[in-house]
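Notes for the one structure printed next.
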Amino acid sequence: MDKEQITPVEGLSALSLDALTSVAYGPEAIIVVLALAGAGSLHLVLPITGAIVALLAILVFSYRQVIDAYPGGGGAYAVSRANLGAGFSLVAGAALIVDYTLTVSVSIAAGVGALTSAFPSLTSATVPICLAILAVITVLNLRGLGASARAFLLPTMLFIVGLLAVIAVGLIHPLGLKESLPGRSLLQTHGLQVVSVLLILKAFSAGCSALTGVEAIANGVPLFREPRVKRAKRTEMMLGLILGAMLLGLAVLARRWHIGPRSNQTVLSQIMGMAVGRHWAYYVVSLTITVVLALAANTSFGGLPILASLLARDNYLPHVFGLRGDRQVFNSGIWVLAVLSGGLLVAVGGNTNEMIPLFAIGVFTGFTLSQTGLVVHWWRTRPARWRRRAVINGGGAVVTGIATIIFLISKFEQGAWIVVIAVPAFVLLFVRIHTYYVKVALELGVGTVPAKPAGKRTLVIVPVSNMSQLTRFAISEALSLSPDVIAISVRTDRTEGEHELSDDLVQEWTQWNPGPPLRILRTEYSSIVEPICAFIDKERHEGDRQIVVLIPMVVASRWRYRLLHNQIDLVLSSALRKHADVIVARVQMPLDTPV
């Protein structure tokens, strides 16, 4: 189990790629909005980025406190449930599920988009490539998060070191300033909008997409090795320092070189080209960015299954989401995330721009609720310096709340309305599931002391078709359960006379004399299930007995041979499923037949 858990460095690749790779679209989102006011507004990219990095510092500090207070994981959901009540926690949980799904889809689509930009001939295969990458990441996570974290560690380190090196070269001694940039400038000579407070707020909220994924470490604390809290807090701090340095470095270079939007060129690509020139270093880092953008989907595979397990624990999702597989991962959460993300990728044709308007709204809703919940937590517990902590978290809640509102207003017609519908729909689903579990608990009397158990006499019914070792094996097992055993066999042929005396099976049974009687069930139809069910119904109403149907079956040595045997156990089990008072069991006799 320990080898499936992760270290702080592995935590960067397993839980932080979403946040780290956001530098590929966060700064560009700011510049695209500011460009609406013309070239004269681009100098604001640095102060706006500075404000975003300040918010990043607040969030990192906040989520380090979340890790301390809630080491079981869950992040915004756990904080909201403990401090704001079930209603707010369900909103947080629903928002995070939407965000995690979008994170997987956007990350993979962005990575494939970079690949098809370099190799246009692959454009027609965008969706198959997206689904192939999704399948690989899903399989790696099903094999254990430790395996996926180690598999992603090398490209993550190459990305971090490579991009920081590009920024350093650009700040100290740029190598490609004299090279011409490909594409054409999309910057308006005369701004279409004036630089207003609203425009600055729009640019700020758009740039805040660079902060998605900051919460994933707090959600995934149980995935770390012991001491989990210490390792998770260390990973959160490493993420904050690296991401903050990247964002500030790119903003300084963008302002210094007056970077604006260009056709077929991202802002990050322009900065890298001017910093190191369009030579081998540029292509190595570009390829690495393509890879880690695709792998950034792994952040959600680390966070959503744990969130789903907490919702299942609280009876808001089916309990199967709380079960770990052999690799100590929540398999059901991984499969559901893969299906939802795959469906979204197919629906939008792998187009990143179709999903960007939906991105970050869910996670900023979680930010706001999490920090608001921590303010309540500090006020209730009042540890040392609680006022200072409450002010920091309160300020962060106000800022992220404003950013969420601006996101919704500015992106509503571009697709954000889908999130407005999806989050309440998930909340309604949670409430309905919880209501069902409450009613079931009342009906089962969970938490109450039941009456003393009373045993019943057991009748074991064994369907047989012929005399064989399987028949002997089944009757022996039946007698070990109860002395009251009846063997039954169905005959679909119609003959005259006393069939019981002339039937070969009856004669063989009489000669064998195993103890239990044999009943021959006659039917005019080819189905053998109906007469068996009718016989069982008749026995159910005769006396207060527990009916056990023991179905004999053979288990072939190879799975492909199993299809060659009669599947009566499946048909009969399905037919008897409606009889809640009948126990259906299988007695399996292994075969070792070489072919």
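Any read-out appearing in this document is the output of simple, stated calculations on the displayed coordinates, not a laboratory observation. Predicted model, so just to flag it, every value in this text is computed and none were measured. Backbone-built Cβ (ideal geometry, glycine too); neighbour counts: all protein chains shown.
Quick notes
- Sequence ranges 198-204, 98-104, 346-352, ranked by mean other-Cβ count within 10 angstrom, highest first: 98-104, 198-204, 346-352
- Estimated at 0.36 nm per residue, the fully extended path between Gln546 and Arg385 surpasses their Cα-Cα distance by 51.4 nm.
- Lys, Arg +1 and Asp, Glu -1 on Cβ, resulting dipole of the chain about Cα centre, debye, nearest 20: 2560
- Total formal charge among the other residues, if their Cβ is under 13 angstrom from that of Val529, Lys/Arg +1 and Asp/Glu -1: -1
- What separates the Cα centres of the range 82-130 and the range 241-268 is a distance of 23 Å.
- Net lengthening on full extension, Val440/Val506 (0.36 nm per residue, minus Cα-Cα): 19.0 nm
- Val197 versus Tyr283: modelled label distance in nm, points set 7 Å from Cα along the beta carbon direction: 5.1
- Listed values (i) 1.18; (ii) 1.14; (iii) 1.00 include one computed from this model; for Rg/Rh (Cα atoms, Kirkwood Rh) that value carries the label (ii).
- Here the scattering of the range 231-324 is modelled by Debye summation over its C-alpha atoms, one equal scatterer each and no solvent; at q = 0.15, 0.20, 0.24 Å⁻¹ the log10 of I(q)/I(0) is -0.79, -1.06, -1.26.
- Ile520-Ser557 FRET efficiency (beta carbon distance; Förster radius 22 Å; 0.05 resolution): 0.10
- Here Lys411 is the anchor, and the lysines within straight C-alpha reach of less than 19 Å, apart from those fewer than 8 places off in the same chain, are Lys202.
- Take every Cα pair under 8 Å whose residues are at least 6 apart in sequence, average their separation, divide by the length of the chain, and the relative contact order is 21 percent.
- Listed residue (Ser370, His173, Phe152) projecting farthest to the positive dipole end of the chain, Cβ model: His173
- Distance violations [Cα-Cα > 32 Å] among Lys456/Lys578; Lys178/Lys233; Lys452/Lys578: Lys178/Lys233
- Exposed-loop-free span, longest in the chain, where GluC sites (Glu not before Pro) count as exposed if DSSP calls them loop and at most 10 other C-beta atoms lie within 10 Å: 1-495
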